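Participant: Below are the structure tokens for one structure; questions will follow.
The values are calculated or read from the model by the stated rules, or taken from the named source; none is laboratory data. Note that this is a predicted model, so its numbers are computed, not measured. Neighbour counts run over all protein chains shown; Cβ positions are idealised from the backbone, glycine included.
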Amino acid sequence: MDTIASLFSFITWPVSWVIVQFHKLYGAIFGPDTGWAWGLSIVSLVVLIRICLIPLFVKQIKSTRNMQVLQPKMKAIQERYKSDKQRQSEEMMKLYKETGTNPLSSCLPILAQSPFFFALYHVLSAIASNKKIGVIDQSLLDSARQAHIFGAPLAAKFMDSAEKVEALGASLTDVRIVTAVMIVMMSASQFFTQRQLMTKNVDLTVKTPYMQQQKMLMYIFPLIFAVMGINFPVGVLVYWLTTNVWTMGQQMYVINQNPTPGSKAQEQYLGRLLKSVTSHGEVKGRTRRNTVKRIVAKGTDRNDIERKFVTGLAKLGLAPQEDGTVAKSDTAVAEAEGGAAQRRQQPKRQTKAKRQTTAGHPGGAKDAEAGESESKTSLQKSAPQDDKPKPAGKPASGSSRQAKSGQRKGPQRPKHPSKK
């Protein structure tokens, strides 16, 4: 770790200068030799760095979402050019270029933050070794060595020997308890941040190997930080715990205000937006109007969550507009009422005889209906027709229909003269 940190020694001067400036501020409040003054200086360094990295964080969010959307297309390219790796790479690069996606953008915040992390590690290692570094002179060095956070010196590590810890004016037990608690908190915050991203801000309709990869990283990253944390000084643990908490809060804000389409977070967000429109009768806030504007622009390409939101507005008699507002619409009310009536329509109740026939014979319902129609027809035919006059010279209908025994029905052939 010391070798890697030495590679970033060129940035130790600005890092040490920023820490000293914050130390002057907090030293005037809490005292220059206290752990609060030095600890809050490190926390302020993290906040300053993360504020500067917000544009990169926005690019990371966009890149991650684009990668999720492109996963089905990427999988299709891999299947299509399975035997031609060069053509596969060309098609992948073409897809990235067309969609404006950069796979490395998701790593930009970590890559940009790494030099500051290792520079701080280098500064704290120099303090532990009682060496001047950057703008930290001997007086500041002595002050930093006296600073303790809950009994643990800033430059102490979990794996330090008892002699080294005693030289810093602390006990090995205090150092190991404080560092162990901070390592657990650091790993837990890392796990919760990744889990929050996977469970709330992922399009659940897209099932790709990328999702499984992210799920594995959710468990691997905390373990890596836990193993590495035993070699981190207390000041570096403060730095990393602070940046994890910042990332968690920043991500929570993004998930609540600008969730991924098709995710659980979007369903919750549009539910809150619908309640707000129900209460106020309008869309309040520029961010919310932009959300409605994007939903309107999608047209028929909306997902199920967005269609449910539009249907909810229609039940209120409102229709989303292109500028992100909502307006009253009689058409929306009619469509909502028509849809509700169609859902309420129930099938006709069958009689007991029909249900028994249907249960006893497959296709019994049709047979029962046919039987009823035949019985009605036969009754109409057999009913006496006394009101109508019968034509003269015509035999009775009943006798004409009855045939003698031994004779065939229908017209009879005349007998041969020899048989008369």
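Participant: Report whether or not Thr287 is more than 21 Å from Lys264 (Cβ to Cβ), of a type in the set (Ser, Thr, Tyr) and in the same structural domain as Arg272 (by TED's automatic domain parsing). Reasoning before the result, please.
Facilitator: Working: more than 21 Å from Lys264 (Cβ to Cβ): no; of a type in the set (Ser, Thr, Tyr): yes; in the same structural domain as Arg272 (by TED's automatic domain parsing): yes.
So Thr287 fails the test.
Participant: Mind counting the residues in the range 110-150 that are closer than 14 Å to Val238 by Cβ and not in a helix (DSSP H, G or I)?
Facilitator: Narrowing the range 110-150 to residues closer than 14 Å to Val238 by Cβ: 116-117, 120-121, 123-124, 127, 144, 147-150.
Adding the requirement that they be not in a helix (DSSP H, G or I) leaves 147-150.
The number of residues fulfilling the criteria is 4.
Participant: I've got another one for you. Going by the structure shown, is Ser89 modelled with pLDDT of 75 or more, outside any helix (DSSP H, G or I) and over 22 Å from the mean Cα position of the chain (by Cα)? Step through it out loud before you land on a result.
Facilitator: On the way: modelled with pLDDT of 75 or more: yes; outside any helix (DSSP H, G or I): no; over 22 Å from the mean Cα position of the chain (by Cα): yes.
No; evaluated as a whole, the condition is false for this residue.
Participant: Does Ile49 meet the test of being over 27 Å from Val236 (Cα atoms), surrounded by 15 or more Cβ atoms within 10 Å (Cβ to Cβ) and within 36 Å of the chain's Cα centre (by Cα)?
Facilitator: Numbers: over 27 Å from Val236 (Cα atoms): no; surrounded by 15 or more Cβ atoms within 10 Å (Cβ to Cβ): yes; within 36 Å of the chain's Cα centre (by Cα): yes.
Criteria not met by Ile49.
Participant: Let me confirm something: among Leu313, Leu270, which residue is at negative phi, assigned to a helix (DSSP H, G or I), under 16 Å from the mean Cα position of the chain (by Cα) and at pLDDT 90 or above? Talk me through it step by step, then tell me what you get.
Facilitator: Working: Leu313 fails: under 16 Å from the mean Cα position of the chain (by Cα).
Of Leu313, Leu270, the one residue that is at negative phi, assigned to a helix (DSSP H, G or I), under 16 Å from the mean Cα position of the chain (by Cα) and at pLDDT 90 or above is Leu270.
Participant: Hey, any hits in the range 1-23 for a residue that's at pLDDT below 85, in contact with a helix residue (DSSP H, G or I) (Cβ under 6 Å, 6 or more places away or on another chain), crowded, with 19+ Cβ neighbours inside 10 Å and assigned to a helix (DSSP H, G or I)?
Facilitator: yes
Participant: On to the next question. Give the range 141-153 a look and list any residue that's closer than 14 Å to Gly27 by Cβ and surrounded by 22 or more Cβ atoms within 10 Å (Cβ to Cβ), or say none.
Facilitator: Our first condition is that a residue be closer than 14 Å to Gly27 by Cβ; within the range 141-153, this holds for 142-144, 146-147.
Ala144, Ala147 - these are the residues of the range 141-153 that are closer than 14 Å to Gly27 by Cβ and surrounded by 22 or more Cβ atoms within 10 Å (Cβ to Cβ).
Participant: Going through the range 250-272 one residue at a time, which ones are among the aliphatic types (A, V, I, L, M) and surrounded by fewer than 20 Cβ atoms within 10 Å (Cβ to Cβ)? Spell out how you get there, then give the answer.
Facilitator: Initial filter on the range 250-272 (among the aliphatic types (A, V, I, L, M)): 252, 254-255, 265, 270.
Met252, Val254 - these are the residues of the range 250-272 that are among the aliphatic types (A, V, I, L, M) and surrounded by fewer than 20 Cβ atoms within 10 Å (Cβ to Cβ).
Participant: Could you please find all residues in the range 157-172 being under 17 Å from Gly235 (Cα atoms) and of a type in the set (D, E, K, R)?
Facilitator: Lys157, Asp160, Lys164
Participant: Does the range 240-250 include one or more residues that are over 30 Å from Ile149 (Cα atoms), assigned to a helix (DSSP H, G or I) and without any contact (Cβ under 8 Å) to a residue 12 or more places away in the chain? Steps first, please.
Facilitator: Going residue by residue through the range 240-250, those that are over 30 Å from Ile149 (Cα atoms) are none.
So far as the range 240-250 goes, no, none of its residues is over 30 Å from Ile149 (Cα atoms), assigned to a helix (DSSP H, G or I) and without any contact (Cβ under 8 Å) to a residue 12 or more places away in the chain.
Participant: Continuing with this model, one more query. Can you name the residue in the range 127-144 that is touching a residue at least 24 places away in the same chain (Cβ under 8 Å) and of a type in the set (A, V, I, L, M, F, W, C) and, of all such residues, is farthest from Ala156 (Cα to Cα)?
Facilitator: That would be Val135.
Participant: Scan the range 151-179 residue by residue and report those that are of a type in the set (Gly, Ala, Ser), part of a loop (DSSP other than H, G, I, E, B) and free of Cβ contacts under 8 Å to residues at least 40 places away in the same chain.
Facilitator: Going through the range 151-179, the residues of a type in the set (Gly, Ala, Ser) turn out to be 151-152, 155-156, 161-162, 167, 169-171.
Cutting the leftovers down to part of a loop (DSSP other than H, G, I, E, B) gives us 151, 155-156, 161, 169-171.
Within the range 151-179, Gly151, Ser161, Gly169, Ala170, Ser171 qualify.
Participant: May I ask you to say which residue of Lys284, Lys308 is over 19 Å from the mean Cα position of the chain (by Cα) and either under 18 Å from Ser329 (Cβ atoms) or assigned to a loop (DSSP other than H, G, I, E, B) (or both)? Walk me through how you get there before you give the answer.
Facilitator: On the way: Lys308 fails: over 19 Å from the mean Cα position of the chain (by Cα).
Lys284 is the lone residue from the list that is over 19 Å from the mean Cα position of the chain (by Cα) and either under 18 Å from Ser329 (Cβ atoms) or assigned to a loop (DSSP other than H, G, I, E, B) (or both).
Participant: Against the conditions (1) closer than 23 Å to Ile61 by Cβ; (2) in the same structural domain as Phe116 (by TED's automatic domain parsing), where does Val234 fall short? Just the number, please.
Facilitator: (1)
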